[in-house]
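Notes follow once the structure below has been shown.
The values are calculated or read from the model by the stated rules, or taken from the named source; none is laboratory data. Nothing here was measured: the structure is a model prediction, and the numbers come from that model. With ideal geometry, Cβ positions are generated from the backbone for all residues, glycine too; neighbour counts draw on all protein chains shown.
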Amino acid sequence: DVKVTQSSRYLVKRTGEKVFLECVQDMDHENMFWYRQDPGLGLRLIYFSYDVKMKEKGDIPEGYSVSREKKERFSLILESASTNQTSMYLCASSNEPGVGRLGEQFFGPGTRLTVL
Amino acid sequence: QKEVEQNSGPLSVPEGAIASLNCTYSDRVSQSFFWYRQYSGKSPELIMSIYSNGDKEDGRFTAQLNKASQYVSLLIRDSQPSDSATYLCAVNKISGSGSARQLTFGSGTQLTVLP
């Protein structure tokens, strides 16, 4: 089974702090994604990565950065946390779509971040 | 028009009934379609994938795809209270480079199965 793990289930930080969220997958997937999920707004893509050191902006990258130094690990960084970044953060990974591969995304358990 | 549209619900069905969840998408070039189940406070869990027109069955779940009508549905037979969750439809998004890595998610349909 695909396993995606996230470093914390719950996190409380103060405004202005630098926050690191870590995600690790064990299926040798090429692609990794960071989403946030808020009531009424659904899943929104922040950033994704299709290879080590490669990244692309999603729909809402402002206030976030990412790092992918190893294939299995993808980090989301909040440079200076703000209260409007209080949310559920979800990491996902997938194979690269191709012949016989649909590119299904598998999600980690999520990190519920509260910024005070 | 939203890229992926689902009836937000909530949808309530009695235990043992068939629950029918619907999804329409706007991008005709989309090739792969997915259904995720999300329990309250948990992360989405993949339950079905489909890419060919027609039906695909897996246990009590059947996914139906009609590319001409740009419509994908999920049927849950013999619904159980444990099926009560939000169901997310997702469609692969073709980028300008031709990559299909990204998924576009619908806003979800909340299903309640009444005992």
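Some points to look at:
- Condition check for B:Lys93: touching a Ser or Thr at 6+ places or on another chain (Cβ under 7 Å) and at pLDDT below 95: yes
- When segment B:31-58 is filtered for residues that are farther than 22 Å from A:Phe107 by Cα and either away from chain A (no Cβ under 14 Å) or at pLDDT 95 or above (or both), the ones remaining, listed by number, are B:Asn53, B:Gly54, B:Asp55, B:Lys56, B:Glu57.
- Filtered by the rule that a residue be acidic (Asp, Glu) and closer than 16 Å to B:Ile94 by Cα, segment A:67-108 gives A:Glu96, A:Glu104.
- Scanning segment A:76-116 for residues that are away from every other protein chain (no Cβ under 11 Å), buried (at least 19 other Cβ atoms within 10 Å of the Cβ) and among the acidic types (Asp, Glu) yields a total of 0.
- Filter result (over 16 Å from A:Gly108 (Cβ atoms) and assigned to a strand (DSSP E or B)) within segment A:13-43: A:Lys13, A:Val19, A:Asp38, A:Gly42
- Among the residues listed as A:Asn31, A:Asn84, the single one being among the polar types (S, T, N, Q) and touching a Phe, Trp or Tyr at 6+ places or on another chain (Cβ under 7 Å): A:Asn31
- If you check B:Asp83, B:Asp78 for being more than 11 Å from every other protein chain (Cβ to nearest Cβ), among the acidic types (Asp, Glu) and out of contact with any strand residue (DSSP E or B) (no Cβ under 6 Å at 6 or more places or on another chain), only one passes: B:Asp78.
- Meets criteria (under 15 Å from B:Arg101 (Cβ atoms) and either in contact with a strand residue (DSSP E or B) (Cβ under 7 Å, 6 or more places away or on another chain) or in a strand (DSSP E or B) (or both)) for A:Glu69: no
- Residues satisfying the stated conditions in segment B:86-115, i.e. at positive phi and without any contact (Cβ under 8 Å) to a residue 60 or more places away in the chain: B:Gly98
- Single residue of A:Met32, A:Met27 found to be buried (at least 17 other Cβ atoms within 10 Å of the Cβ) and under 12 Å from A:Ala92 (Cβ atoms): A:Met32
- Comparison of A:Gly100, A:Gly58, A:Gly110 shows that the only residue that is without any contact (Cβ under 8 Å) to a residue 40 or more places away in the chain and at positive phi is A:Gly100.
- Selection count where residues are farther than 12 Å from A:Tyr35 by Cα and assigned to a strand (DSSP E or B), scope segment A:52-65: 4
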